[in-house]
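Here's the structure we're looking at; comments come further down.
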Amino acid sequence: MVLRVFILFIGFGLAVAGGVSLIIYLNLLTTGMTFTDYILFVITRVECYLFLLGLLIVTLSIYIPRRKNNHYL
């Protein structure tokens, strides 16, 4: 149980770091970039993949079923 919560927090932290990077890069739209240019720029940045990785880790830590302990059998 504690390990799942720890993994959840790691995933949440990665998602926040990646999401903040995506929001910061939205400032590039004010410099004259089009939305297509923004998307092409973002997919080349490694820190923006942290958002997807964090979402994946959070989803897996929540929805993967726990092992059942069969100590009494």
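Per residue, how much accessible area does the chain have with a 1.4 Å probe, in Å²?
On the way: 6020 Å² over 73 residues.
About 82 Å² of surface per residue is accessible.
What percentage of the solvent-accessible surface of the chain, computed with a 1.4 Å probe over protein heavy atoms, is contributed by carbon and sulfur atoms?
Working: 4380 of 6020 Å².
Here it works out to 73 percent.
Are there any helices in the chain, counted as whole DSSP H runs, that stretch 30 Å or more along their axis by Cα and score at least -1.0 on average by Kyte-Doolittle, and if so which?
Membrane-span-like by this criterion, though nothing is claimed about a membrane: 2-25.
Only one of the listed values, [x] 1.18; [y] 1.04; [z] 1.58, was derived from the coordinates as Cα Rg over 2.2 N^0.38 Å; which label is it?
Comparing each candidate, only [z] matches the computed number.
The values are calculated or read from the model by the stated rules, or taken from the named source; none is laboratory data. Everything numeric here is computed off the predicted structure, so don't read it as measured data. Remember, those area values only see protein heavy atoms, side chains included, never the ligands or the DNA or RNA. Shrake-Rupley method; radii C 1.70, N 1.55, O 1.52, S 1.80 Å.
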